[in-house]
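Structure record follows, encoded as structure tokens.
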Amino acid sequence: MVESIAATSLLGYSPILGHYLKDCSFKRVAMSPNRLPRLRSNKARAMELTKEVYNFREEDRFSKSSDYQIDGIVDRKPGLWPPNNKADNPSLQNPLLRQERMGCGWFGAVFEWEGVIVEDNPDHEKQSWLALSQEEGKSPPPAFLLRRIEGMKNEQAISEVLCWSRDPSQLKRMSLRKEQIFQGLQGGIYRFRDGSKEFINVLTRYNIPMALVSTRPRKNLEEAIGSIGINGVFNVVVTAEDVYRGKPDPEMFAYAAQLLQFIPERCIVFGNSNLTVEAAHEAKMKCVAVASKHPVYELTAADLVVRWLDELSVVDLKNLADIESSEFGAEPEVEMELEEEDDPYPSSRVAIDDQDFW
Ligand SMILES: Nc1c(NC[C@H](O)[C@H](O)[C@H](O)COP(=O)(O)O)[nH]c(=O)[nH]c1=O
Ligand SMILES: [Mg+2]
């Protein structure tokens, strides 16, 4: 199975619907009525948000997520946005490796959890909000508001969309309660979506760095990861506690890229809603939409739409991650190394980072 997915090529395979963006400006998608006007550039905003989060809870975050970070990939010290450009590191000495990474062969995969890796039951989420509104003596949120808060952090949804409170302690209390209700309904039972296990096996085999990003609390997500037996598969796990804002804000994806040490243009997001597509594009990332709870025709703003992850091959992802040189400024120059005269084996010198050539 693993072999067949990896070997699938562009020759024989055509995803349900897909279009590769060649316009590096990315399309602006008018799909989220709750988007706030942005007065600053996306990059400046991501930088500001990421810095804020670092200053706010740096120690807490790194201590909690350390189990999921692979040494050598994640820099535990705070850094500036954008992250160090691991892929296009000009100090790479192996010209073949450098060429490979400067092209489309080196990228990070950023996955949502529900509706992408595991099956999602949309009714549980709706019922949780309805139950919370009843407990709090608020009017039940209508369907259009529930759609607007899909993918947001609970605090964000309660304060900015439902307008139930702005008091931080109340927001925290209601958010925790809503997750408690959700977990009760969900029952701690998780099931892989068909094809997702096979797909992450392929990516693991190809050494493609992977991040898991979800608006669920870390504790619940860690339990869920353990219960389906994929501990340690993701190099990085970003959860609700790590960020101020969920989707459609790009903060979660920007932070995942920072932890993976990939510039955003080198990341592909896999999500199942238009808010995810919007957040990924806002973060300057490509987005594959998985049509799980939303039909294919509603997700056409994504760069590629599939029903099941195992419809995709590594070749498809490489094509998707194909980087326009203009996105990096000037055309990169291939550096010629000067070999020292007294070195008897000059061509055997390889930078440390060159050893993981795949
Ligand atoms: N509000 C509705 C949701 N919200 C839940 C989110 O879509 C999401 O599944 C959850 O936040 C987990 O995050 P992730 O997918 O792992 O990133 N879902 C619905 O189906 N319907 C809603 O109205
Ligand atoms: Mg989802």
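Within the bounds of region 75-93, is there any residue that is without any contact (Cβ under 8 Å) to a residue 12 or more places away in the chain, more than 21 Å from Ser292 (Cβ to Cβ) and within 22 Å of the chain's Cα centre (by Cα)? Yes, the conditions are met somewhere in region 75-93.
Among the residues here, Pro209 does not qualify as at pLDDT 95 or above and of a type outside the set (A, V, I, L, M, F, W, C).
Restricting attention to region 183-206, the residues being at pLDDT below 95, surrounded by 14 or more Cβ atoms within 10 Å (Cβ to Cβ) and within 16 Å of ligand 1 (Cβ to nearest atom) number 1. All conditions but one from (1) within 16 Å of ligand 2 (Cβ to nearest atom); (2) out of contact with any Pro (no Cβ under 9 Å at 6 or more places or on another chain) apply to Arg205; the one that does not is (1). Scan region 96-105 and give yes if some residue there is over 26 Å from the mean Cα position of the chain (by Cα), under 23 Å from Met252 (Cβ atoms) and more than 9 Å from ligand 1 (Cβ to nearest atom), otherwise no. Scanning region 96-105, I find no residue that is over 26 Å from the mean Cα position of the chain (by Cα), under 23 Å from Met252 (Cβ atoms) and more than 9 Å from ligand 1 (Cβ to nearest atom), so the answer is no.
Taken together, the residues in region 177-203 that are of a type outside the set (Val, Ile, Thr), more than 30 Å from Val314 (Cβ to Cβ) and touching a residue at least 40 places away in the same chain (Cβ under 8 Å) amount to 6. Scan region 127-155 for residues that are within 8 Å of ligand 1 (Cβ to nearest atom) and in contact with a Pro (Cβ under 6 Å, 6 or more places away or on another chain) and the total you get is 1. Just one residue in the set Ser227, Ser214 is among the small types (Gly, Ala, Ser) and more than 25 Å from Val314 (Cβ to Cβ); that residue is Ser227. Can you spot a residue in region 115-125 that is near ligand 1 (Cβ under 8 Å from one of its atoms), in contact with a His (Cβ under 9 Å, 6 or more places away or on another chain) and touching a residue at least 24 places away in the same chain (Cβ under 8 Å)? Within region 115-125, one or more residues are near ligand 1 (Cβ under 8 Å from one of its atoms), in contact with a His (Cβ under 9 Å, 6 or more places away or on another chain) and touching a residue at least 24 places away in the same chain (Cβ under 8 Å). Only one entry of Ser128, Ser175 meets the criterion of being within 20 Å of Trp113 (Cβ to Cβ) and within 16 Å of ligand 2 (Cβ to nearest atom), and that entry is Ser128.
Inspect all residues belonging to region 131-143 and state whether any of them is within 15 Å of ligand 2 (Cβ to nearest atom) and either crowded, with 18+ Cβ neighbours inside 10 Å or hydroxyl-bearing (Ser, Thr, Tyr) (or both). No, every residue in region 131-143 fails to be within 15 Å of ligand 2 (Cβ to nearest atom) and either crowded, with 18+ Cβ neighbours inside 10 Å or hydroxyl-bearing (Ser, Thr, Tyr) (or both). Within region 75-97, does at least one residue satisfy the condition of being of a type in the set (Lys, Arg) and surrounded by fewer than 17 Cβ atoms within 10 Å (Cβ to Cβ)? Looking for residues that are of a type in the set (Lys, Arg) and surrounded by fewer than 17 Cβ atoms within 10 Å (Cβ to Cβ), one finds at least one in region 75-97, hence yes.
Just so you know, in region 238-249 the residues that are outside any loop (DSSP other than H, G, I, E, B) and away from ligand 2 (no atom under 15 Å from the Cβ) include one that is surrounded by the fewest Cβ atoms within 10 Å (Cβ to Cβ), and it is Glu241.
The values are calculated or read from the model by the stated rules, or taken from the named source; none is laboratory data. It should be emphasised that the depicted structure is a prediction, and the values quoted were computed from it without experimental measurement. Note that we place each Cβ from the backbone using ideal geometry, even for glycine, and neighbour counts take in every protein chain shown.
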